[in-house]
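A short worksheet on the structure shown next.
The values are calculated or read from the model by the stated rules, or taken from the named source; none is laboratory data. It should be emphasised that the depicted structure is a prediction, and the values quoted were computed from it without experimental measurement. Don't worry about glycine lacking a Cβ; one is built from the backbone with ideal geometry, like all the others, and counts go over all protein chains shown. The accessibility values were calculated without ligands, DNA or RNA, using every heavy atom of the protein model including side chains. Shrake-Rupley method; radii C 1.70, N 1.55, O 1.52, S 1.80 Å.
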Amino acid sequence: MRSLLLALAFSVAAGPLVGQRLAKPLPHWEPSLQSAAPAPKTPTPDYRWEGLAVGGTIVGILGAVLGNGLCGLDDSAVKPNCLGATIEGFVVGAVVGGVTGGLLGSAIHKPPPPPE
């Protein structure tokens with residue numbers, strides 16, 4: 001009974017607890033819009049398409065040669081038809097070389113055209 005009276009006395013005398021106070025409101029910020037539509041940015045010319053073509057062609061031909069060569073290493077007495085392996089090697093090589101050439105070409109910027 002004594003502890004109940006002590007708790008009641010402290011709750012009346014203490015008032016609102018610190019944890020029950022309202023926090024300060026967060027600052028409010030709104031961006032200022034200068035225009036509704038941004039100005040179109042002209043892309044910087046680079047060599048991505050040239051890199052795609054050169055890389056795809058060179059690595060594709062190397063993949064075709066590798067696919068044909070590995071197909072001919074069969075141990076059977078009958079020479080297999082290696083057309084499928086050659087085409088598959090070309091396609092895989094062209095994809096790998098084209099993506100790599102395109103990425104490398106996009107990192108190299110073209111010089112500006114000469115003034116006329």
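Of everything in region 10-44 that is among the aliphatic types (A, V, I, L, M), at pLDDT 65 or above and open to solvent by less than 100 Å² (accessible area, probe 1.4 Å), the residue that is farthest from P111 (Cα to Cα) is A23. From the list G60, G72, the one residue that fits, being out of contact with any Leu (no Cβ under 6 Å at 6 or more places or on another chain), without any contact (Cβ under 8 Å) to a residue 60 or more places away in the chain and exposed (fewer than 13 other Cβ atoms within 10 Å of the Cβ), is G72. Taking first residues from region 87-116 that are open to solvent by 40 Å² or more (accessible area, probe 1.4 Å) and partners that are of a type in the set (A, V, I, L, M), the Cβ contacts under 8 Å between residues at least 6 apart in sequence or on separate chains come to I87/A64; F90/I61; F90/A64; V96/V59; V99/L52; T100/V59.
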